[in-house]
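Notes for the one structure printed next.
The values are calculated or read from the model by the stated rules, or taken from the named source; none is laboratory data. Every value quoted in this text rests on a predicted model; they were computed, and no experiment measured them. Methodologically, a virtual Cβ is constructed for each residue, glycine included, from the backbone with ideal geometry; neighbour enumeration extends over all protein chains shown. Ligands, DNA and RNA are excluded from the accessible area calculation, which covers all protein heavy atoms including side chains. Shrake-Rupley method; radii C 1.70, N 1.55, O 1.52, S 1.80 Å.
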Amino acid sequence: MSAQIDIARRGIMLVLSSPSGAGKTTLTRNLLDKETKVALSISVTTRERRSSEIEGVHYYFRTKRQFEQMRDAGELLEWAEVHGNFYGTPREPVEQALVEGRDVLFDIDWQGTRQLLDKMRDDVVTVFVLPPSADELKARLERRAEDSAQVIAQRLQNAVEEISHWREYDYILVNRDLDESFARLRAILTAERLKRVKMLDLEGFVNRLLADLKKLTP
Ligand code: 5GP
């Protein structure tokens with residue numbers, strides 16, 4: 001089989017939202033491992049760093065004052081308060097990636113998703129990850145064992161609010177099985193990349209094709 005012809009395209013903003021513990025982080029990690037043209041949007045947050053997290057890899061950890069300065073200077077594409085902390089998406093790396101035809105993955109909540117949809121609907125593809133059951137969500141949060149019982153209780157409570165926004169998303173993944181969900185996520189990405197409106201020089205490609213075809217016909 002001949003190789004697929006590469007037509008320059010604009011990058012996709014792939015948004016993944018879910019309540020904490022639904023498996024979104026693992027899906028994100030797998031996608032970044034397997035898809036070389038996808039980069040993670042690294043958010044700025046005022047939340048405390050967890051022991052497993054690295055500055056500049058998982059988040060940029062900032063004080064509330066620093067966060068507010070960035071926000072007020074227009075450096076954030078969206079921002080929201082989640083679980084009592086501020087989170088936001090730095091604008092510059094996203095705009096750069098899209099122009100260069102690289103996709104950007106966002107692990108953000110429904111409030112941030114709404115803002116991105118308002119500003120950049122044509123660039124954004126949204127996916128909501130649901131846990132298979134309430135018990136499973138609780139078990140996954142407990143297994144993570146990084147957060148206190150109080151934090152886990154708050155996250156379960158917040159899950160109700162987060163899940164209530166599922167209708168605002170383009171795609172829904174019920175995450176019963178990670179491999180299956182991951183395959184579905186890649187299928188979404190593949191299909192979205194093939195959309196006509198994403199292909200930047202399709203017009204030129206088709207015109208050349210037609211001109212060549214005309215030469216072949218008497
Ligand atoms: P965590 O504290 O568990 O890392 O994240 C808590 C929640 O904040 C998650 O639902 C995550 O998707 C959301 N979040 C992380 N970064 C951002 C961001 O930049 N903007 C918004 N709106 N939400 C974010």
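For the pairs K64/K138; K24/K138; K37/K119; K24/K64, note any where the Cα-Cα span goes beyond 19 Å.
Numbers: K64/K138 30 Å; K24/K138 15 Å; K37/K119 23 Å; K24/K64 26 Å.
With Cα atoms farther than 19 Å apart: K64/K138; K37/K119; K24/K64.
Does the range 102-206 classify as rounded, prolate or oblate by the C-alpha gyration tensor (a ≥ b ≥ c root eigenvalues; a/c under 1.5 gives rounded; else a/b over b/c gives prolate, otherwise oblate)? Because a/c hits 1.5 or more and a/b exceeds b/c, the range 102-206 counts as prolate.
Think of the range 13-194 as having a plus end and a minus end, set by charges on the Cβ of Lys, Arg, Asp and Glu; of V94, V57, Q111, V57 sits farthest toward the positive end of this dipole.
If you take the square roots of the eigenvalues of the alpha-carbon gyration tensor of the range 141-192 and sort them as a ≥ b ≥ c, do you get rounded (a/c under 1.5), prolate (a/b over b/c) or oblate? Taking the square roots of the gyration eigenvalues as a ≥ b ≥ c, the range 141-192 is oblate.
How would you classify the chain from its alpha-carbon gyration tensor, with a ≥ b ≥ c the square roots of the eigenvalues: rounded for a/c under 1.5, else prolate if a/b is greater than b/c, otherwise oblate? It is prolate, given that a/c is not under 1.5 and a/b is the larger ratio.
Just tell me which aspartates and glutamates come within less than 16 Å, Cα to Cα, of K195; anything on the same chain fewer than 8 places away is out. Partners found: D6, D103, D122, D123, D170, E203. What the chain shows is 59 Å² of accessible area per residue, with the surface traced by a 1.4 Å probe over protein heavy atoms. Accessible surface of the chain, 1.4 Å probe: 52 percent of it comes from carbon and sulfur atoms. Annotation: the antiparallel percentage among DSSP beta bridges lying fully within the chain is about 30.
Estimated at the nearest 10 Å², the accessible area of R144 is 80 Å² with a 1.4 Å probe.
Take every DSSP beta bridge with both residues inside the range 1-129 and express the antiparallel ones as a percent of the total, to the nearest 5. All intermediate terms of the calculation are to be shown ahead of the outcome.
On the way: 8 of 24 bridges.
Of all bridge pairs located within the range 1-129, approximately 35 percent are antiparallel.
Surface calculation, 1.4 Å probe, protein heavy atoms: L76 sits at approximately 10 Å² accessible.
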